[in-house]
Amino acid sequence: MGDVPFRKNPPLLVGAMAMSVCLSLLVRPAAPRQSSPSAGDRVEDAEQREGPFLIAGQNYSVVLREKRLANTNDPALAQTLAGVEINDDAGNLSYQKPFSYVVEQDHFQQNVSASAQLASGKTGTGLVIYYRKQTTASQTSATQVREFWQLFGLRNGKLLPLGKPAPVGASADGGPFMGVMMRAANGTVSVISQPDLTDVRAWTGYFYVFVPLRVDWNHGGLAQGQRCVEMLGGSLEETGCDMRVEAARKRPAEEYGFIRLLAEAHENPDAAAHMVVQKDSKVEILGARAITNWEESEDLIQPNFSDVWLHVSIDGQQGWIHGEEDFAAIGLPRGNPSP
Amino acid sequence: MKTLRYLVVIVLVIGAGVAGWRTIRTGRRSQTSVPAQQFSSQPQVVNSQVASTTAPAGEPPNRLGPFLIAGQTYTIELQTKKLRPGSPVDSGDTVVAMEIHDAAGTVEYLRTFPYLEASDDDLESWSVSAFLLAGTNGKGLLVSYHNYSEPSAPEEEPSGWLQVFGVLNGRLVPFGAPLQVQGGLMDGYVAGDTYKTARPLDTQADAVEFKVWTGHCRLVFPVRVDWTQGKISPAQECPKSADELGVGCQYRVVPEDKLYSSDITFVRLWPGPDEKSGNAEKTVVKKNSKVDLLTVLVATHWDKGNPGGLAASSKGPMDDAGGFGVASAGTAGRDLWLKVRIDGKEGWLHSEEDFQALGLPEDE
């Protein structure tokens, strides 16, 4: 394994916090579209303030502007986000982002909840806004939840979104180099910057993983916390990195669960051991491994996971499992992150 | 007739000793208690205590038979040599020549084998055994040859050569070249010095069944013996191109004595021998589950070899041989599908992980 080493972070958990305000998230700053005039009549404005957050000696407040529908039959889609603002103590607008929303029949097309949290480390202090977008498929009525983040740090004295994490070793867009080590001819090693290491608690579809990020709050730097490569067939290939896991197992309804346990986090039909998970089986979740790709759209960033594996111990036998069926077999069916 | 019976008993005793010796030497799991002469892959150790009608005093008996075929009596004479001549420890003999004689002593068939004196590090020997092949439409000889060498890796199922002889125009002739097979004779058809055919195929041919190692089980391979034309061929025609059930033939499976024996596991059973046949059903296998191996689907090969015998340029004693068995890797249909019944539930499985879960044997 070619894991890029990373330091254990100070306990900065940028996570999904319970959110009381429901916001609508669409990233175009377009005017609201309403399916009927009568629906528009029922849309009410609401506002929630979070903070103040003390960043570099300046207090900031986050204003979450929302829209609410009265008398709707679908409480889950009765409100949504219309905009986010960050203001300083003097009331000056530091950041603003409008969100469009659509009213369909008697509910919003989607519901976004958001929360803001202060994050700090030895490089300074910043702000993290977590977004949670909930939509309902019209045909299946199945609910889908997606998560997004914004990390704000100081660049040239201004509080700005830091954008997508730069690849390990690369310069963040407009920010400093992140944790690059330089070796001089005389063997001296110097570190150009030593960012904070923080985690984003992100939903994989089955459980949470803690995705490490390197951040320099006072210089506006954001980079991936780790990158893992492996020598395969004579060339280096991207492979999953180990991450901490938070999983809430559900009690299986079936008498037996069936898993294919592999010694390594690689698919190999010749080496998969079949195990039956029974109701009294002792299941321990030891960790996860996945390839994380960060995407950015309109200031919002989101980790996408591929090649997701869980390191487990079943009745004392350790190994790796992957795939929807095997995750479900140990009580982790596909689902949405909890509110 | 009594003399004949005594000779048969002698041959059986020798064969049983050989099989037991090899089992100990190779550590091979004994799938069946194959009696007598089947592919005894050790030196042709013969009991010098047993009287022989042909061997000089103090030499081992080297005669197989007699075999009564089409009113004629045939015997097989084996010329042997000590693997370690002069050694105080008897490490056995090796066959250097095999002759089939008629009652008048006329040599009807001859095959020779190379002799290499064994050293402390290497040993190579040849053994020959024979059965009367008894069918509904005819009788003949089933001769098997085996080469044993040391050092050698243990095999789940040893390889050897089979050759069928029958009477054509009043003479005993080979019905083709020796055929190499990893597998061999099946217990159920052995009765004394006779190997019985499985069934008549028509009025002139019988099916003779042999076991063939697939890598995880032993399939039953039927060979057509045509007594009138003096030919042998596969008794089953197999699809050469892919159809909805894949390439290959379906064969019966020899039951395995011992399968999965741990507490609990599962296998994935498909409704047909194709992953596209439907969803795999995960089926629990417990220590006390009743598991029946029903059918395999796999591509096989048949090479008739050179029925004319060894060419002048041949270097090895079996250079004229053909063979049959599971098709080599990379062949279409090489993927082995096995139909099983587990506690009454039937389905097909085919991957290594399922074979291992079921506890099927495999090559080391």
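The set of residues from region A:241-254 being modelled with pLDDT of 90 or more and surrounded by fewer than 21 Cβ atoms within 10 Å (Cβ to Cβ) comprises A:ASP242, A:ARG244, A:VAL245, A:GLU246, A:ALA247, A:ALA248, A:ARG249, A:LYS250. Within region B:335-358, if we keep just the residues that are within 11 Å of another protein chain (Cβ to nearest Cβ) and in a loop (DSSP other than H, G, I, E, B), the residue that is surrounded by the fewest Cβ atoms within 10 Å (Cβ to Cβ) turns out to be B:SER351. One residue alone among A:SER338, A:SER306 is of a type in the set (Ser, Thr, Tyr), in contact with a strand residue (DSSP E or B) (Cβ under 6 Å, 6 or more places away or on another chain) and within 30 Å of A:PHE152 (Cβ to Cβ), and that residue is A:SER306. Pairing residues of region A:265-289 that are in contact (Cβ under 8 Å) with a residue 40 or more places away in the chain and within 14 Å of chain B (Cβ to nearest Cβ) with residues that are assigned to a loop (DSSP other than H, G, I, E, B) and open to solvent by less than 60 Å² (accessible area, probe 1.4 Å), at Cβ distances under 6 Å and at least 6 apart in sequence or on separate chains, gives A:VAL277/A:ILE330. Regarding B:ALA312, is this residue without any contact (Cβ under 8 Å) to a residue 12 or more places away in the chain and more than 14 Å from every other protein chain (Cβ to nearest Cβ)? Yes. Against the numbered list (1) modelled with pLDDT of 90 or more; (2) open to solvent by 20 Å² or more (accessible area, probe 1.4 Å); (3) of a type outside the set (Asp, Glu), A:ALA70 comes up short only at (1). Annotation note: Cβ proximity below 6 Å between a residue of region A:236-261 that is within 13 Å of chain B (Cβ to nearest Cβ) and a residue that is among the aliphatic types (A, V, I, L, M) and assigned to a loop (DSSP other than H, G, I, E, B) (sequence gap 6+ or interchain) occurs for A:ARG260/A:ALA272. Please go through region A:278-293 and pick out each residue that is surrounded by fewer than 20 Cβ atoms within 10 Å (Cβ to Cβ) and part of a strand (DSSP E or B). Hits for region A:278-293 are A:GLN278, A:VAL283, A:GLU284, A:ILE285, A:LEU286, A:GLY287, A:ILE291, A:ASN293.
Each residue in region A:76-121 was checked for being under 29 Å from A:SER141 (Cα atoms) and assigned to a strand (DSSP E or B), and 18 of them qualify. Does any residue of region B:261-280 turn out to be touching an Asp or Glu at 6+ places or on another chain (Cβ under 7 Å), open to solvent by less than 30 Å² (accessible area, probe 1.4 Å), aliphatic (A, V, I, L, M) and within 14 Å of chain A (Cβ to nearest Cβ)? Checked region B:261-280: at least one residue is touching an Asp or Glu at 6+ places or on another chain (Cβ under 7 Å), open to solvent by less than 30 Å² (accessible area, probe 1.4 Å), aliphatic (A, V, I, L, M) and within 14 Å of chain A (Cβ to nearest Cβ). Residue-level check: of (1) of a type outside the set (D, E, K, R); (2) outside any loop (DSSP other than H, G, I, E, B); (3) open to solvent by 10 Å² or more (accessible area, probe 1.4 Å), B:PRO114 misses just (2). Applying the criterion of at least 2 residues that are modelled with pLDDT of 85 or more to the strands (runs of 3 or more DSSP E) found wholly in region A:122-219 leaves A:124-136, A:143-155, A:158-161, A:196-203, A:208-216.
Note on region B:78-93: among residues that are more than 24 Å from B:PRO66 (Cβ to Cβ) and polar (S, T, N, Q), the one that is least open to solvent (accessible area, probe 1.4 Å) is B:SER91.
Scanning region A:261-277 for residues that are part of a strand (DSSP E or B) and closer than 12 Å to B:GLU352 by Cα returns A:ALA273, A:HIS274. For region A:317-339, a residue qualifies if it is of a type in the set (A, V, I, L, M) and within 17 Å of B:PHE266 (Cα to Cα), and the qualifying residues are A:ILE321, A:ALA328, A:ALA329, A:ILE330.
Can you confirm whether B:TYR189 is on the phi < 0 side of the Ramachandran plot, free of Cβ contacts under 8 Å to residues at least 24 places away in the same chain and either open to solvent by less than 10 Å² (accessible area, probe 1.4 Å) or of a type in the set (Phe, Trp, Tyr) (or both)? In short, yes. Looking across region B:295-308 at every residue that is crowded, with 16+ Cβ neighbours inside 10 Å and either in a strand (DSSP E or B) or on the phi > 0 side of the Ramachandran plot (or both), the one that is farthest from the other protein chains (Cβ to nearest Cβ) is identified as B:GLY305.
Selection of region A:196-240 for residues being of a type in the set (A, V, I, L, M, F, W, C) and open to solvent by less than 10 Å² (accessible area, probe 1.4 Å) yields A:LEU197, A:VAL200, A:ALA202, A:PHE207, A:VAL209, A:VAL211, A:LEU213, A:VAL215, A:TRP217, A:LEU222, A:ALA223, A:CYS228. Taking the criterion of being farther than 30 Å from B:TYR109 by Cβ, at pLDDT 90 or above and of a type in the set (Lys, Arg), the residues of region B:286-334 that qualify are B:LYS286, B:LYS290.
The values are calculated or read from the model by the stated rules, or taken from the named source; none is laboratory data. From a predicted model like this one, the values you see are computed outputs, not experimental measurements. Note that each Cβ is placed from the backbone with ideal geometry, even for glycine, and that neighbours are counted across all protein chains shown. These accessible areas exclude ligands, DNA and RNA; they are computed on the full protein's heavy atoms, side chains included. Shrake-Rupley method; radii C 1.70, N 1.55, O 1.52, S 1.80 Å.
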